[in-house]
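Right, one structure below, let's go through it.
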Amino acid sequence: MAIEVRKPELQASTDSQTEAPNRSGYGMWIGPLLPAVAWALQMQLNYWLLRGACARGSNLALRSVLLVAIVSVFVAGLGCWFAWLRLKDVWPTEHRELQARSRFLAVLGLLMAAMFLLVIVAQGVATLVFDPCQL
């Protein structure tokens, strides 16, 4: 009569390979959605702050909105880049759908960040070049 003794380390490593990852996936949606939200908020805040900037004769508020929008899009793109780097070498397992969806969202977030970064910079050039009363 032989008693099988399993080491806890080995059991934990085999269990973690067969269990589904404990992630809801909502964090992956930040990458594709944050750049669009940052662009929309940047555009609306610039419209809202334009009269005050003209009255003060200063572009500081408009430039700060531009900077916050650029930084938020850059952070979203960087998060998607790191997510893609983490997921690109993952071998397919029985949770193939989750990995494929996560990779897709990471690449989509990278593309959205690049596109909206270009749009935000193109709109922000006017705040850097012109006087606020000329806008």
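The values are calculated or read from the model by the stated rules, or taken from the named source; none is laboratory data. Treat the numbers as computed from the prediction; the structure is a model and nothing was measured. With ideal geometry, Cβ positions are generated from the backbone for all residues, glycine too; neighbour counts draw on all protein chains shown.
Might you check whether a residue that is over 26 Å from Tyr26 (Cα atoms), of a type in the set (Gly, Ala, Ser) and buried (at least 18 other Cβ atoms within 10 Å of the Cβ) occurs anywhere in the stretch 73-94? No, the stretch 73-94 has no match at all.
A single entry from Leu118, Leu50 fulfils the requirement of being in contact with a helix residue (DSSP H, G or I) (Cβ under 9 Å, 6 or more places away or on another chain) and assigned to a helix (DSSP H, G or I): Leu50. Of the residues making up the stretch 53-72, those that are exposed (fewer than 14 other Cβ atoms within 10 Å of the Cβ) and either of a type in the set (D, E, K, R) or assigned to a helix (DSSP H, G or I) (or both) are Ala55, Arg56, Leu60, Ser64, Leu67, Val71. Please work out which residue is farthest from the chain's Cα centre (by Cα), limiting yourself to the stretch 79-92 and to residues that are assigned to a helix (DSSP H, G or I) and touching a residue at least 12 places away in the same chain (Cβ under 8 Å). Within the stretch 79-92, the match that is farthest from the chain's Cα centre (by Cα) is Leu87.
Considering the conditions (1) surrounded by 13 or more Cβ atoms within 10 Å (Cβ to Cβ); (2) in contact (Cβ under 8 Å) with a residue 12 or more places away in the chain; (3) out of contact with any Cys (no Cβ under 7 Å at 6 or more places or on another chain), Leu111 is excluded by exactly one of them, (2). A count restricted to the stretch 89-127 and to residues that are modelled with pLDDT of 80 or more and aromatic (Phe, Trp, Tyr) stands at 2.
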